[in-house]
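I have placed the structure first, in the form of structure tokens, so that the comments after it can refer back to it.
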Amino acid sequence: MVAALRARYHFPHALPAPYPYETRLDVLHGPLEVVDVQRVADSTTHPWFNQTLCKVNDSVVRMGVVRGEYHWHRHEADDEFFYVVEGRLFIDLEGNTVELGPRQGFVVPRGLLHRTRAPERAIILMVENCGIVPTRDGK
């Protein structure tokens, strides 16, 4: 279908390719349970993997095992916190790039267009409103 739309409208690069992300929104751990980030990270081989680890009030803690680029997106009503456990993470912003190493974090404020990328495998934690669903449209 994408090829047909590209041919019909003569925009060979206008429609993005499907995003190769594995995103698990199920909450893996409840209150009073030990969260073993390394065990979850060791269990995946997917190049861009997200797993919701736990819920804290109206927010969730998600773990990402990432390599490559995420798409540009924004969250109109919510801030997003990134924390690097292992590896390096680049956060591209409009006109700026922030590089994070292990044990460094950064808040992307609501409404700011951004994307994350990791040249090599990185393990990251993200804290965001539980209403944010990390999908192609960034909402």
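The values are calculated or read from the model by the stated rules, or taken from the named source; none is laboratory data. Values in this document were obtained by computation on a predicted structure and should not be read as measured data. Here the Cβ positions follow ideal geometry from the backbone for every residue, glycine too, while neighbour counts run over all protein chains shown.
State the number of residues belonging to the range 103-127 that are assigned to a loop (DSSP other than H, G, I, E, B) and either closer than 21 Å to Leu28 by Cβ or of a type in the set (S, T, N, Q) (or both).
Within the range 103-127, residues that are assigned to a loop (DSSP other than H, G, I, E, B) and either closer than 21 Å to Leu28 by Cβ or of a type in the set (S, T, N, Q) (or both) number 1.
Among the residues of the range 36-94, which ones are exposed (fewer than 14 other Cβ atoms within 10 Å of the Cβ) and closer than 13 Å to Cys130 by Cβ?
Passing the criteria: Val56, Asn57, Asp58, Ala77.
Within the range 10-55, count every residue that is in a loop (DSSP other than H, G, I, E, B) and either under 19 Å from the mean Cα position of the chain (by Cα) or at pLDDT 90 or above (or both).
At the first step, the residues of the range 10-55 found to be in a loop (DSSP other than H, G, I, E, B) are 10-21, 25-36, 43-47.
So of that shortlist, the ones also either under 19 Å from the mean Cα position of the chain (by Cα) or at pLDDT 90 or above (or both) come out as 16-21, 25-36, 43-47.
So the count comes out to 23.
Considering only residues that are of a type outside the set (D, E, K, R) and within 13 Å of the chain's Cα centre (by Cα), which ones fall in the range 109-124?
Applying the first criterion (of a type outside the set (D, E, K, R)) to the range 109-124 yields 109, 111-114, 116, 118-119, 122-124.
Residues satisfying the conditions are His114, Thr116, Ala118, Ala122, Ile123, Ile124.
Restricting to strands (runs of 3 or more DSSP E) lying wholly in the range 57-102: which have 2 or more residues that are in contact (Cβ under 8 Å) with a residue 12 or more places away in the chain? Don't jump to the end; show me each part of the working.
Values: elements: 59-69, 80-86, 89-93, 96-100.
The strands (runs of 3 or more DSSP E) meeting that bar are 59-69, 80-86, 89-93.
Looking only at the range 128-139, decide whether some residue is assigned to a strand (DSSP E or B), under 11 Å from the mean Cα position of the chain (by Cα) and modelled with pLDDT of 95 or more. Reasoning before the result, please.
Here is the first cut: in the range 128-139, the ones assigned to a strand (DSSP E or B) are 128-129.
After this cut, where a residue has to be under 11 Å from the mean Cα position of the chain (by Cα) as well, the list is 128.
Now restrict to residues that are modelled with pLDDT of 95 or more: none.
Looking through the range 128-139, none of the residues is assigned to a strand (DSSP E or B), under 11 Å from the mean Cα position of the chain (by Cα) and modelled with pLDDT of 95 or more.
Could you grab me the full set of residues in the range 17-66 that are among the small types (Gly, Ala, Ser), out of contact with any Ser or Thr (no Cβ under 9 Å at 6 or more places or on another chain) and closer than 12 Å to Ile123 by Cα? Working first, answer last.
Pass one, the range 17-66, residues among the small types (Gly, Ala, Ser): 17, 30, 41, 43, 59, 64.
From what's left, out of contact with any Ser or Thr (no Cβ under 9 Å at 6 or more places or on another chain): 17, 30, 41, 43, 59.
Selection gives Ala41 alone.
From the list Leu100, Leu113, pick out the single residue that is crowded, with 17+ Cβ neighbours inside 10 Å and either on the phi < 0 side of the Ramachandran plot or in contact with a Leu (Cβ under 6 Å, 6 or more places away or on another chain) (or both).
Details: Leu113 fails: crowded, with 17+ Cβ neighbours inside 10 Å.
Exactly one of Leu100, Leu113 is crowded, with 17+ Cβ neighbours inside 10 Å and either on the phi < 0 side of the Ramachandran plot or in contact with a Leu (Cβ under 6 Å, 6 or more places away or on another chain) (or both), namely Leu100.
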